[in-house]
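The values are calculated or read from the model by the stated rules, or taken from the named source; none is laboratory data. Since this is a predicted model, take the numbers as computed values, not measurements. Don't worry about glycine lacking a Cβ; one is built from the backbone with ideal geometry, like all the others, and counts go over all protein chains shown.
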Amino acid sequence: MAEVKNPTIIEKMRKQAREIGDLTGNRDTTGIELIGLTHLVARTYDMITMQKAEASHSGISRARWGLLMRLWREEKVGNAEGLTPTYLSQCQNVGKNTISALLRGLEEQGLVQRTLDRVDHRIFRIQLTQQGRKIIADHAPRMLDYVNRLASGLSEGERAQLRELLSKLYYSLLLEMKIPAEDVELNYHRNGG
């Protein structure tokens, strides 16, 4: 694979980190550089996957795909009743109007259905349709291949090492939060992770 570098943004980030180090009298700027690079990678990944979703022939935006995957994961853990739009808006970190528009689009595509809650008839539950499950089954392998291809600039060993290092950084951040990992992970899974 050809190596692509954009020294401008990376060097600019490092220069800014050094300037902060000079300002504070602290020469070790690796922490701020690591966080900056992590944000840069995450933003770039978001832009790439958004472009990929827009270019795909499935007609499913990244936001809609995220909802389908959330519903699929919930089905896999035994939640056959479906999820409320309010819960889905919290999981996807979007407002109620946005979630309504996304769900309406998925419903128009025949990928989800709304049913009344069995106990509280004021509440709707959102569930995958057979067509929604088929779209996931058809597209998930390609999505996984694509995401793996995004990391193909790293060797297998480098990917494993990066996974370990990011995990260590994650747990280091948890220690700063003074919150048990189980609580953070439970909240992460509740909110779309």
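Out of segment 130-165, which residues are of a type in the set (A, V, I, L, M) and outside any helix (DSSP H, G or I)? Step through it out loud before you land on a result.
Step one: of segment 130-165, the residues of a type in the set (A, V, I, L, M) are 135-137, 140, 143-144, 147, 150-151, 154, 160, 162, 165.
Scanning segment 130-165 gives A151, L154.
Can K168 be described as surrounded by fewer than 11 Cβ atoms within 10 Å (Cβ to Cβ) and either part of a helix (DSSP H, G or I) or modelled with pLDDT under 90 (or both)?
Judged against the criteria, K168 is a match.
Restrict the check to segment 74-93 and report whether at least one residue is modelled with pLDDT under 95, closer than 21 Å to K52 by Cβ, part of a helix (DSSP H, G or I) and not polar (S, T, N, Q).
The answer is no; no qualifying residue exists.
If you check every pair at least six apart or on different chains, which have Cβ atoms under 6 Å apart with a residue in segment 13-26 that is closer than 18 Å to L40 by Cα and in contact (Cβ under 8 Å) with a residue 12 or more places away in the chain first and a residue that is small (G, A, S) and assigned to a helix (DSSP H, G or I) second?
From residues that are closer than 18 Å to L40 by Cα and in contact (Cβ under 8 Å) with a residue 12 or more places away in the chain, the pairs are M13/G36.
Among the residues of segment 117-151 satisfying the criterion of being among the polar types (S, T, N, Q), farther than 15 Å from E74 by Cβ and in the same structural domain as T84 (by TED's automatic domain parsing), which is surrounded by the fewest Cβ atoms within 10 Å (Cβ to Cβ)?
Narrowing segment 117-151 to residues among the polar types (S, T, N, Q): 127, 129-131, 148.
Now drop any that are not farther than 15 Å from E74 by Cβ, which leaves 130-131, 148.
Retained after the next criterion (residues that are in the same structural domain as T84 (by TED's automatic domain parsing)): 130-131.
Values: Q130: 10, Q131: 13.
Here the answer is Q130.
Taking segment 102-116, which residues are of a type outside the set (S, T, Y) and either exposed (fewer than 12 other Cβ atoms within 10 Å of the Cβ) or not in a helix (DSSP H, G or I) (or both)?
Scanning segment 102-116 gives E108, Q109, G110, L111, V112, Q113, R114, L116.
When segment 141-169 is examined, which residues are found to be of a type in the set (S, T, Y) and in contact with a helix residue (DSSP H, G or I) (Cβ under 7 Å, 6 or more places away or on another chain)?
Hit for segment 141-169 is Y146, nothing else.
Can M50 be described as in the same structural domain as I9 (by TED's automatic domain parsing), within 20 Å of the chain's Cα centre (by Cα), surrounded by 12 or more Cβ atoms within 10 Å (Cβ to Cβ) and within 30 Å of K168 (Cα to Cα)?
So M50 passes the test.
Taking R122 as meeting all but one of (1) touching a residue at least 40 places away in the same chain (Cβ under 8 Å); (2) more than 23 Å from M50 (Cβ to Cβ), write down the number of the exception.
Looking at each condition in turn, R122 falls short on (1).
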